[in-house]
Amino acid sequence: MYLGKADVNTYDKGVEREFLVSNGVGGYGSSTVVGANTRSEHGLLVVRPSDSEHHAVLVSKLEETLYAHNKKYLLSTNRYKDLIYPDGFRYVQEYQATPYPSMLFVIHSIFLKKSIFMPQNGSSTIVKYELVASPEPVRIDIRPLFAHRTNKDSCHKKDDSAFESAVLPNGAISVKGRGYVSHISFAGGADGVEWSPKPLWFENIIYENNSLPDERETDSLWSPGFGAMEMRCGDVAYAALSADASSYSASDIESLERETAERLGSFVKTAFTGANVSALQDMVQSSYHLVADNKGAVPAILSGFPSVERRARDTFVALPGLTLATGRAAAARGILESWLDRALSSGGLMPSSIDSRGTASFGDIDAGLWFMYAAQKYSANQGLGFASEKYAAMRTVLEKYIEGPAELGAVMDPSTKLIKYFNKEGARHWMSGDVNGEPLVDRGGYLVEMNALWYNALRFMESVASAAKDGKASAGYSSLAAEAASSFKSVFWNESKKYLYDWVDPSNGDRDDSIRPNAILAVSLPFAVLDDELGRIVFATSWNELYTTYGLRTLEPRHDKFKGRAEGRLDQRKKARLRGMAWPWLLGQFISAYMRYNPGSTEMGWSFLRPFSSHLRMGCLGGVAEYFDGVMPYKPHGDVLCAMSLGDLLRVAHENLSQ
């Protein structure tokens, strides 16, 4: 990933492009390439305290001032209520993402490179300054701005009693305030760093790209002072931001920098990259941030940034692409084992999510079936050893759907062998949600994607039982699958629209003939529940009615509830999420279905992926957003880097397009 002057030569261009660094345990640093924070979630040091459900923005940013040629140059950029000041974006000449984000500032004959990285497993962000070229010595002042708030908040007004700072014996500056403690230390430079304690408030900073319009837009940040250093051509200096009181020497940081660069470089080299689409290498590099895979810790997939949660559906949809396609099979196994263990501790009920304290929550009715899908993908990649070893545990999870405990909210109907969803409080499908008490998508009874997953899981467990020498169970699953497939066709096929009903309620005969993308799973999963003749028809309808450049729409455009753009009032934006927005993870399933019916048409498959090459240069650089407008101009929304989106695109590139 490289951006030149033309990509960042205005404020608007610069703030459209965001970088991300992470530490592998959920901490991150993120901002725009010109240094202006545009979201309350932005910050150079953002960590999740063990006792909190939200991340904390400790250090928001650094304000740099360069003194040279008897002049002062402000390298930072901020958006205030009435102006953009300073306008340091004018000096940014280029941005590079490899091995980690770096920006080159050019002022006449002075070239100053700024790089940002996070050491793995720690709670620190390192900012490196390298004076690449300069005909004379320069001075750089670095002023840290502290936020000390959650990343879902902003502090509208300053409070002089909120912060205090102190210089520790090791030279680090400790800042306390608003219930948090953080630190900054310096290393390098020609003659070290001179700290000047000059507190200052930065008020009315605007976050123009906050996710929701009701979020407070302005923030007030506090700075305890600044560090000043002299630099000559070739000198290197560091600012280390940390949640603990560590103070790093220049040699310590150099060692951490080498480790970080080697780890990132090695990861990309060993991962699947593909030759047809160069952007895949950027996507692989971004996938690094979404898998927490540290020695001595349970591996996990993070939902995205800035959400950074552990959610079952996100994990299992994304796992094949984020782990198996990138050479991280060991992490994939560890993730599957950890979720399976949590399900067993609850009698086979798969959790919906696990928070930072390790507490599991329940409610997603499809979580167990998506687990089966992820285990199936792992088995296809690594063999049936894992599934055979965990056979008894996996049977416990699957048969929860046959037993139908009240807390699951779904059960197999004995008459049809299909899964029936009870629209009860706390039981959720992937399109669940409401606005002011009104369901975004009102569904009940048999859900089409739920039963496509159910059939796929039954066929997978049929093969696992056979491998485990359990012929009776294998035959039982085979029989259930055959009956479910027969019922699926008779229940869901909509002859008038040549598509599948989205849901059918057997208790009252209600059914929804809206064309939604859920039906794509009936033809995209490894075991397709429809025969090829009907499958081709369903696929063709989804292509004609739902396909967009960046995903499948969540509703056909002709529907009276269709909302093609997430704009306007807050309630309208929330409704649009599942009433017209296009989701990239569904595009991955769409491409798999296309390749099923068009084997050998690899070039066309790549044509569905190529548009993301331009998207990767906007938003979170190298990443794929959670969802997009369903009509032009296809603006991205939600997480700027989404595990489901990136993961399923990498999966389809690896599974279907690299053969």
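The values are calculated or read from the model by the stated rules, or taken from the named source; none is laboratory data. Treat the numbers as computed from the prediction; the structure is a model and nothing was measured. Because the Cβ atoms are built from the backbone with ideal geometry, glycine has one as well, and the counts that use them run over all protein chains shown.
Results, tabulated for the structure shown:
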{"quantity": "Residues located in the range 492-511, provided they are under 16 Å from Gly535 (Cβ atoms) and outside any loop (DSSP other than H, G, I, E, B)", "calculated": "Phe492, Trp493, Asn494, Tyr499, Leu500"}
{"quantity": "First in the range 111-129 and not assigned by TED's automatic domain parsing to the domain that holds Asp252, second anywhere and of a type in the set (Val, Ile, Thr) and not in a strand (DSSP E or B), Cβ under 7 Å, 6 or more apart", "calculated": "none"}
{"quantity": "Count of the range 343-377 residues which are more than 13 Å from Thr315 (Cβ to Cβ), β-branched (Val, Ile, Thr) and not in a loop (DSSP other than H, G, I, E, B)", "calculated": "0"}
{"quantity": "Matching residues in the range 577-615 - criterion: being in contact (Cβ under 8 Å) with a residue 40 or more places away in the chain, farther than 21 Å from Val523 by Cα and part of a helix (DSSP H, G or I)", "calculated": "Phe612, Ser613, His615"}
{"quantity": "Positions within the range 395-413 being touching a helix residue (DSSP H, G or I) at 6+ places or on another chain (Cβ under 9 Å) and assigned to a loop (DSSP other than H, G, I, E, B), in sequence order", "calculated": "Leu408, Asp413"}
{"quantity": "Residue check, Arg577 under 25 Å from Ala528 (Cβ atoms) and of a type in the set (D, E, K, R)", "calculated": "no"}
{"quantity": "Checklist (1) over 30 Å from Ile110 (Cβ atoms); (2) at pLDDT below 95 applied to Asp314, failing item", "calculated": "(2)"}
{"quantity": "Qualifying residues in the range 328-384 (those that are without any contact (Cβ under 8 Å) to a residue 60 or more places away in the chain, of a type in the set (Phe, Trp, Tyr) and closer than 30 Å to Lys269 by Cβ) - the one surrounded by the fewest Cβ atoms within 10 Å (Cβ to Cβ)", "calculated": "Tyr378"}
{"quantity": "Conditions (1) under 28 Å from Phe590 (Cβ atoms); (2) not in a strand (DSSP E or B); number of the one not met by Tyr446", "calculated": "(2)"}
{"quantity": "Long-range neighbours under 7 Å by Cβ, at least six apart or interchain, first residue at positive phi within the range 636-659, second not in a loop (DSSP other than H, G, I, E, B)", "calculated": "Gly638/Tyr627"}
{"quantity": "Residue count for the range 282-332, restricted to those that are over 24 Å from Gly638 (Cβ atoms) and in contact with a Phe, Trp or Tyr (Cβ under 9 Å, 6 or more places away or on another chain)", "calculated": "5"}
{"quantity": "Selection within the range 532-556 - outside any helix (DSSP H, G or I) and either charged (D, E, K, R) or without any contact (Cβ under 8 Å) to a residue 40 or more places away in the chain (or both)", "calculated": "Leu552, Arg553, Glu556"}
{"quantity": "Hits in the range 414-438 (condition: assigned to a loop (DSSP other than H, G, I, E, B) and either surrounded by 18 or more Cβ atoms within 10 Å (Cβ to Cβ) or among the basic types (Lys, Arg) (or both))", "calculated": "Thr416, Lys417, Leu418, Lys424, Ala427, His429, Trp430, Met431"}
{"quantity": "In the range 76-103, the residues that are under 30 Å from Leu280 (Cβ atoms) and part of a helix (DSSP H, G or I)", "calculated": "Phe89"}
{"quantity": "Residue within the range 291-311 that is assigned by TED's automatic domain parsing to the domain that holds Trp606 and in a helix (DSSP H, G or I) present", "calculated": "no"}
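Every residue, every condition in (1) under 30 Å from the mean Cα position of the chain (by Cα); (2) modelled with pLDDT of 95 or more; (3) in a strand (DSSP E or B); (4) on the phi < 0 side of the Ramachandran plot, yes or no:
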position: Asp191; (1), (2), (3), (4): no, no, no, yes
position: Glu194; (1), (2), (3), (4): no, no, yes, yes
position: Glu203; (1), (2), (3), (4): no, no, yes, yes
position: Glu208; (1), (2), (3), (4): yes, no, no, yes
position: Pro213; (1), (2), (3), (4): yes, no, no, yes
position: Asp219; (1), (2), (3), (4): yes, no, yes, yes
position: Ala240; (1), (2), (3), (4): yes, yes, yes, yes
position: Ser246; (1), (2), (3), (4): yes, no, no, yes
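Residues are listed down the side, and each one gets a yes or a no for (1) of a type in the set (Asp, Glu); (2) within 27 Å of the chain's Cα centre (by Cα):
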| site | (1), (2) |
| --- | --- |
| Val57 | no, yes |
| Tyr80 | no, no |
| Val92 | no, no |
| Ser109 | no, no |
| Pro119 | no, yes |
| Ala133 | no, no |
| Asp141 | yes, no |
